[in-house]
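Enquirer: Here's a structure for you.
The values are calculated or read from the model by the stated rules, or taken from the named source; none is laboratory data. These figures come from a predicted structure and were not determined experimentally. Cβ sites come from the backbone with ideal geometry, for glycine too, and all protein chains shown count toward neighbours. Accessible surface areas use protein heavy atoms only, side chains included; no ligands, DNA or RNA. Shrake-Rupley method; radii C 1.70, N 1.55, O 1.52, S 1.80 Å.
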Amino acid sequence: MAKALYPGTFDPITLGHIDIIERALHLFDEVTIAIATSESKKPVFTLEERISHVEQIFKGNKKVKAIGFTGLVVDLAKEENSNILIRGLRAVSDFEYEFQLANMNRAMSPDLESVFLTPKAKFSFLSSTLVREIASMGGEISSFVDPIIEKALKERFK
Ligand code: COA
C-alpha cells in the first residue's frame with residue numbers, strides 16, 4: 001500500500017492545499033496530512049484546531065488522515081511507515097526552498113522520496129498568510145478556503 005505524507009503548517013488549510021491532496025489521492029492509497037506545530041510561525045489556530053479542520057473537510061474519506069507532529073519530518077515518516085513526502089510547487093519561487101528541503105531530507109533519510117505536485121493555476125498565488133491577513137481585515141475569502149475555514153477565520157477575527 002502506497003502511503004504518502006503531506007507535511008505543512010496548514011494555518012489554515014486552503015483550497016490550494018486541498019487541490020494538492022486531491023491530486024495525491026489519485027496517486028497514492030492513503031494521504032496523511034502531517035500538521036507541524038510550527039511554533040515559530042505563531043499560528044492563529046492551535047494544532048488541535050488545524051487537525052480538526054482537516055478532519056471536518058475530509059470527513060467520510062477513509063484515505064485521508066490528519067496528525068500533528070513536532071520534530072523532524074524524516075522521523076515522522078519512519079514512525080508512519082511512509083517513504084513518500086508530498087510537497088506543492090506553486091511557482092518557480094517555491095523551487096529553491098523545496099529543492100533545499102528535499103535534499104536535506106534525503107541526506108537524513110535516503111529512502112524518502114519527495115514528490116512535487118502543482119495546484120491549479122488559480123491557486124498558484126495563494127498562501128495561508130495572505131488568507132489570514134485578508135480575513136483579519138474583513139475581506140472576502142470564500143474563493144480561497146473551504147466554508148469550514150471561512151467560518152473559523154470569521155469567528156477568530158470578529
Ligand atoms: N496552496 C496554497 N498554499 C500553499 C500551497 C498550496 N498548494 N503550498 C504551500 N502553500 C503555502 C503554505 O500555506 C505556507 O503559507 P504560509 O507561509 O503563509 O503559512 C507557505 O506556502 C509555505 O509552505 P510550506 O513551505 O509548506 O511551509 P509550512 O510551514 O506549511 O511547512 C514544513 C514547512 C512543516 C513542511 C517544514 O518546515 C518541515 O518539514 N518541518 C519539520 C521539521 C524538519 O523536518 N525540518 C528539517 C527540514 S530539512
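Here's the yes/no breakdown for (1) open to solvent by 30 Å² or more (accessible area, probe 1.4 Å); (2) aliphatic (A, V, I, L, M); (3) out of contact with any helix residue (DSSP H, G or I) (no Cβ under 8 Å at 6 or more places or on another chain); (4) away from the ligand (no atom under 13 Å from the Cβ):
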site	(1), (2), (3), (4)
Ile20	no, yes, yes, no
Asp29	yes, no, yes, yes
Ile35	no, yes, no, no
Pro43	yes, no, no, no
Ser52	yes, no, yes, yes
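Enquirer: In addition: How many residues are acidic (Asp, Glu) and within 19 Å of Glu22 (Cα to Cα) if we restrict to region 114-153?
Expert: 1
Enquirer: Would you check which residues across region 85-117 are open to solvent by 40 Å² or more (accessible area, probe 1.4 Å), of a type outside the set (A, V, I, L, M) and more than 8 Å from the ligand (Cβ to nearest atom) and list them?
Expert: Selection gives Ser93, Phe95, Glu96, Phe99, Asn103, Arg106, Pro110, Asp111, Glu113, Phe116.
Enquirer: Name the pairs whose Cβ atoms lie under 6 Å apart, with the first residue in region 90-108 and modelled with pLDDT of 95 or more, the second among the basic types (Lys, Arg), and 6 or more positions between them or separate chains?
Expert: Glu98/Arg87
Enquirer: If you don't mind, another one. Within region 128-158, restricting attention to residues that are within 22 Å of Leu89 (Cβ to Cβ) and exposed (fewer than 13 other Cβ atoms within 10 Å of the Cβ), which residue is nearest to the ligand (Cβ to nearest atom)?
Expert: Thr129
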